[in-house]
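The structure under discussion appears below in the form of structure tokens.
The values are calculated or read from the model by the stated rules, or taken from the named source; none is laboratory data. Please read all numbers here as calculations on a predicted model, not as lab measurements. Neighbour counts run over all protein chains shown; Cβ positions are idealised from the backbone, glycine included. All accessible areas refer to the heavy atoms of the entire protein, side chains included, with ligands and DNA or RNA removed. Shrake-Rupley method; radii C 1.70, N 1.55, O 1.52, S 1.80 Å.
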Amino acid sequence: MLSKEKPVTTPLWKLSQIVIVLAICIFMALPSGADNPGAGVVDSQTFLQRNLTPAGPGAGASAAAVEKLVGQLTLKEKIGQMTQLEIGMITDGKGQDLRINPEKLHKAVGEYGVGSILNVNDEALPVQKWHEIIRAIQEEAKKSRLKIPVLYGIDTIHGANYIVGSTLFPQPLAMAATWNPELMLRGSQIAAAETRKAGIPWAFSPVLDAGRQPLWSRLWETFGEDTYLATVMGVATVRGYEGSDLSSPVNVSASLKHYVGYSFPTTGGDRSPALIPENTLREYFLPNFAAAVKAGAHTVMVNSSEVNGIPGHTNSYLLKDVLHGELGLQGFVVSDWMDIKKLVGVHHIAANEKEATRIAVLAGIDMSMVPSDYSFSNLLLELAQEGKVPVNRVDEAVKRILTVKYQLGLFDDPLRGMESKTVIGSPESRQASLEAARESITLLKNENHTLPLSKTARILVTGPDADSLIPLNNGWSYTWQGDRASMYPKDRPTILKAIQEKIGTGNVTYVPGTTFDREVDVAKATEAASKADAVVICIGEWAYAETPGNITDLTLPDAQLFLVHKIEETKKPVILVLTEGRPRIISRIADPAKAIVMAYNPGNEGGQAIADILFGDVNPSGKLPVTYPRWPNRLFTYDHKVFEGEGNGEGKAQGAPQFEFGSGLSYTSFSYSQLHVAQATPSGNRAIQVEVTVKNAGDRAGKEVVQLYLSKRFASVTPPLKRLKRFAKVSLQPGESRSLSFELTPDDLSFIGLDNKRVVEPGVFDVMVGGLQQSFEWK
């Protein structure tokens, strides 16, 4: 008699882990660099269509289970789930001496039933230390009455940056400069897997704030100024983090931040007020969040500041009506650091913290990042007992939080991820980071083919950013500010060391020249320049994050400008390498420079990537995700409205930026031809087909970003000059041509109208691709 055996099945999360590993391995098997173009085309429209599908529900994510559990919770236990504390509330010491304090931990998890804990105390920890901490937290949770696991969250910004030895990728602005969502997806998968390996299932990213204020100290955390580009890269991040099954040991929950308008402070200062009309908010700021929610993002973090006089934490219209009602968020909303308290002392919305707590919870805050005391729990308990906050509102928040915990698989295994096969900082992951850095670097100027440099040339390397990993990474790198040199790996080359490895130390002279803002040995650097064949000057910014990065002037510090000016006086070819998180103004030194390379913050592999570009081992393919301003009082985005005088020659020259959004040179050349726009037919699906041919007209392989812009000639609301609607990154061999097809839908022709609703109006549109233009009429 044959026995009937149960079929062997593989859990979905295991399959997803296998898929991710295979995807990385397949990628690593492909030729690297722009001279080995690989598969060919990465198309934004196809990418979005493929990835705007949410992750699966995860383990045990049934509404019935959540309802049953909420019914068993006491009021105090419910409010505990809405409370988030920082790690210092359960530990003693800091840095590598951080250790669990059992009494503190019991008070937080055992007595208060705290639902979430976050971040580090001072600096990144080894994965073994994380295991020790997370295991202790979840063991304490198991001792509680209902054994509800704690949701740990952390700032994973450009990789698992609070885990020692992790893979650090280029910062998000640099990732946007790749115009390659597949790279963003791959990097996010690696970041998620390394974060979950530590036992941490929740990442406080991506930053989906529109980077339209270049002064802002968090610009480098964004995907740039364009709504469409940021939407594509944001979706890539969410899908990379959350995968097809949120409970997988290689996936984490994303947290979209900082909803909404935080990135557009009027003064440019972090956490300062913004004035954004609703039609502008809906046109340029909300679409990024809408697409990421549609892609399945499970949590949202709120704007720390205010828009139009209403703090983000009290704006029930944006939190309830728009975020949950219109955008369809199914997960929960978490406050930012101490922001409910700040409704009293900063925003003056409430007379005391108890009133601030009431307003924030009723406005739609589900979880409060207190984070350093128990005031939120105590005050909300009082408010609920007094009937000032309805219990059904508390229940609503708790259901959302518990649902995400179920979806993450925490009830099945609160330590999930610790035993995964993920290798922190593996060679394959580092290679993926190097590829991203190479594709991000943007060649802005290359007069007389100064680049690539000869490997036999005598090179002077100078400037404050030449011999440090700190400016290659910026903030959120092992520490909050990213400025602690001792935390950085010793085996990654700086720009200087990468150049020395590339051409030999005998061909390289190094003189610091200046610090970030102080002259050191400018005369010595100038003398050395006179003996060199070319000079690589590494200038830009040091590390900073959030408010400490506030500045009053975008102009590069005088010390750096003086260094460049003195070296340019020697008439030797000057190559400027900019490592910076925002576009610092260089108009006083840009014209005499022979070449300008924008490196952004390319991460730990950035030194090698920059050297690869400078000496021609990799053909640059990055494109600016922001407009690079020429003047400190002439700040605008590429999609601005026409202003008086812009159309004539003199006005246009005075108002022109230093470098246009979307610009970036190559060591080869590309030509465009055969632009064709097929008119939509009333009886069809109303889609507009656009075809164009791009050719590599040069003598070496390269990658080109084909950018499709759309402009409406007349509208009831003044139209912008143009808007990016589609893009594709194309790899081409010398002489190779490729025909590309794009489809525009009625939504691409729409705008936010006079009634703050999206509308499509009849009229003439211009399609622009690679210097070609063709019009069509929409009826």
Under the rule of at least 5 residues apart or a separate chain, name every residue whose amide H is placed under 5 Å from the amide H of residue 217.
270
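Which order do 502, 147, 703 take by accessible area at a 1.4 Å probe, largest first?
Largest accessible area first, the list is 147, 502, 703.
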Once Lys and Arg are counted +1 and Asp and Glu -1 for all other residues with Cβ under 9 Å from that of residue 534, the total becomes +2
Cα centroid distance between the range 312-390 and the range 103-118, in Å?
20
Suppose all protein chains stay in the model; what accessible area per residue would a 1.4 Å probe give for the chain, in Å²?
36
When the Cα atoms of the range 414-489 are enclosed in a convex hull and the volume is divided per residue, what value in Å³ results?
180
For the chain, what % of the accessible area comes from carbon and sulfur atoms, probe 1.4 Å?
53
Write down the percent of antiparallel bridges among all DSSP beta bridges whose residues are both part of the chain, to the nearest 5.
55
Taking only the alpha-carbon positions of the range 439-538 as identical scatterers, the Debye log10 I(q)/I(0) at q = 0.18, 0.20 Å⁻¹ comes out as -0.98, -1.14
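Regarding the range 383-455, what is the average projected area of its C-alpha convex hull, in nm²?
Working: hull surface 46.7 nm².
Across all orientations, the range 383-455 yields a mean hull projection of 11.7 nm².
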Quick one: divide the alpha-carbon radius of gyration of the range 158-229 by 2.2 N^0.38 Å and tell me what you get.
1.14
So what are the ³J(HN,Hα) numbers for the range 465-476, from phi and the Karplus equation (6.51, -1.76, 1.60; θ = phi - 60°), rounded to whole Hz, Gly and Pro as x?
9, 6, 10, 8, 7, 4, x, 6, 10, 6, x, 6
For residue 566, give me every one of the aspartates and glutamates with a C-alpha distance below 19 angstrom, ignoring sequence neighbours fewer than eight places off in its own chain.
465, 517, 519, 521, 527, 533, 558, 591
Around residue 81, with a cut-off of 11 angstrom between Cβ atoms, what is the net charge of the other residues, counting Lys and Arg +1 and Asp and Glu -1?
+2
Rounded to a whole number, what is D in µm²/s for the chain from Stokes-Einstein with the Kirkwood radius over alpha-carbon pairs (20 °C, 1.002 mPa s)?
79
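Quick one: work out Rg over Rh on the C-alpha atoms of the range 257-327, Rh as Kirkwood radius.
On the way: Rg = 11.5 Å, Rh = 12.2 Å.
Ratio of gyration radius to Kirkwood radius for the range 257-327: 0.94.
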Using DSSP H assignments, which helices in the chain have an axial alpha-carbon span of 18 Å or above and a mean Kyte-Doolittle hydropathy of 1.0 or higher?
12-29
How long is the range 227-363 along each principal axis, judged by its Cα atoms, biggest number first, in Å?
46, 30, 27
Debye-sum result for the range 524-641 in log10 I(q)/I(0), which assumes one identical scatterer on each alpha carbon, at q = 0.13 Å⁻¹
-0.57
Which pairs in the list 78/757; 107/490; 68/107; 722/757; 68/757; 703/725 are over 29 Å apart, alpha-carbon to alpha-carbon?
78/757; 107/490; 68/757
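Per the helix-only calculation at 222 nm, which mean residue ellipticity applies to the chain, given -39500 (n - 2.57) for every DSSP H run of n ≥ 4 and division by its residues, nearest 500 deg cm²/dmol?
Dividing the helical sum by the residues of the chain leaves -8500 deg cm²/dmol.
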Sorted from largest down, what three extents in whole angstroms do the Cα atoms of the range 340-392 have along their principal axes?
29, 21, 17
Check the straight Cα-Cα distances from residue 341 and name the lysines below 16 Å, setting aside those fewer than 8 residues away within the same chain.
354
Return the distance in nm (one decimal) between the two label points of a simple spin-label model at residue 143 and residue 747, each offset 7 Å from Cα along Cα→Cβ.
5.1
Computed over the range 377-505, the ratio Rg/Rh where both radii use C-alpha atoms and Rh is Kirkwood
1.23
Too long for a 18 Å Cα-Cα cut-off, among 445/502; 455/497; 76/388; 197/294; 712/779; 641/712, are 445/502; 197/294
In debye to the nearest 20, the charge dipole size for the chain, taken about the Cα centre with +1 at each Lys and Arg Cβ and -1 at each Asp and Glu Cβ, equals 1060
